[in-house]
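Colleague: Dumping the structure here so I can ask a few things about it.
The values are calculated or read from the model by the stated rules, or taken from the named source; none is laboratory data. Nothing here was measured: the structure is a model prediction, and the numbers come from that model. Using ideal geometry, Cβ is built from the backbone for each residue, glycine included, and neighbour counts are taken over all protein chains shown. SASA here: full protein model, heavy atoms, side chains in, ligands and nucleic acids out. Shrake-Rupley method; radii C 1.70, N 1.55, O 1.52, S 1.80 Å.
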Amino acid sequence: MEWSHYRFRSTWRLDAEPDTVYRVLERPDFYPQWWPQVREVRQTGDTSGVLRFRSVLPYDLVVAARSTRQDPERRILEVAMTGDLEGWVRWTVAANGPGTRLLFEQEVVVRKPLMRRFAVPGRPLFLANHALMMRSGRNGLLARLAADRGHAV
């Protein structure tokens with residue numbers, strides 16, 4: 001087992017239209033406004049940027065991200081990452097009754113030296129840290145969608 005390799009999958013059910021959810025997710029430059037652990041997004045090109053994350057553990061992760069798929073018809077967003085994390089992330093937005101089923105998938109290898117050094121003993125903490133970040137992201141997205149609905153009325 002490669003202790004620095006992670007595969008994540010989260011499903012969020014949201015009370016919002018799929019196209020609305022997709023429009024929020026396709027704008028990573030606004031993620032810091034609703035996802036507290038996304039500390040910084042700096043655009044470096046038309047489809048690329050640098051992102052800085054920090055959850056509960058006292059370290060930042062910095063990645064260069066490049067959009068590899070932006071499909072509004074199928075509502076799929078994919079990003080390739082290099083830096084402290086190397087791999088990919090995918091959002092898949094689908095209708096679910098009157099709301100949305102949002103699937104987050106990620107496969108990465110940690111390249112940050114500190115995390116690699118503590119790969120075995122730190123793995124449970126790293127997994128818990130990611131789970132907290134995802135819970136906070138879901139809550140932030142729900143709040144953002146509710147605020148957007150409030151402005152549309």
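Colleague: For the range 61-104, state the average projected area of the convex hull of the C-alpha atoms over all orientations, rounded to one decimal in nm².
Modeller: Result: 3.4 nm².
Colleague: Now, a different point. Specify the angular offset, from 0 to 90 degrees and rounded to the nearest 10, of the alpha carbon long axis of helix 119-152 from the longest principal axis of the alpha carbons in the chain.
Modeller: Computed tilt is about 20 degrees.
Colleague: Let me ask something else about it. Might you tell me the accessible area per residue for the chain, computed with a 1.4 Å probe and given in Å²?
Modeller: Per residue, the chain has an accessible area of 56 Å².
Colleague: Quick check for me: using +1 on Lys/Arg Cβ and -1 on Asp/Glu Cβ, what's the dipole size of the chain about its Cα centre, in debye to the nearest 20?
Modeller: 460 debye
Colleague: Any idea which of Gly99, Ile76, Ser4 is furthest toward the positive side of the dipole for the chain, if Lys and Arg beta-carbons carry +1 and Asp and Glu beta-carbons -1?
Modeller: Ser4
Colleague: Moving on. When Lys and Arg each count +1 and Asp and Glu each count -1, what net charge do the other residues less than 12 Å away from Gly122, Cβ to Cβ, add up to?
Modeller: Its environment carries a net charge of +4.
Colleague: Given only helices, namely DSSP H runs of n ≥ 4 each adding -39500 (n - 2.57), what is the per-residue ellipticity at 222 nm of the chain, to the nearest 500 deg cm²/dmol?
Modeller: The helix-only estimate for the chain comes to -10500 deg cm²/dmol at 222 nm.
Colleague: Which one, Val89, Gln37, Gly140, is farthest towards the positive end of the dipole of the range 12-149 when Lys and Arg carry +1 and Asp and Glu -1 on their Cβ?
Modeller: Working it through, the farthest residue towards the positive pole turns out to be Gln37.
Colleague: Still on this structure, please answer the following. On a full-extension model of 0.36 nm per residue, what is the gain between Val62 and Thr82, subtracting their alpha-carbon distance, rounded to one decimal in nm?
Modeller: That pair, Val62 and Thr82, stretches by 6.3 nm at full extension.
Colleague: May I ask for the Rg/Rh ratio of the chain, computed from Cα atoms with Rh as the Kirkwood radius, given to two decimals?
Modeller: On the way: Rg = 15.6 Å, Rh = 16.1 Å.
Here Rg/Rh amounts to 0.97.
Colleague: Taking only the C-alpha atoms, wrap a convex hull around the range 3-69 and report its volume per residue in Å³ as a whole number. Don't skip to the answer; put the middle values down first.
Modeller: Details: hull volume 9.1 nm³, N = 67.
Expressed per residue, the convex hull around the Cα atoms of the range 3-69 is 137 Å³.
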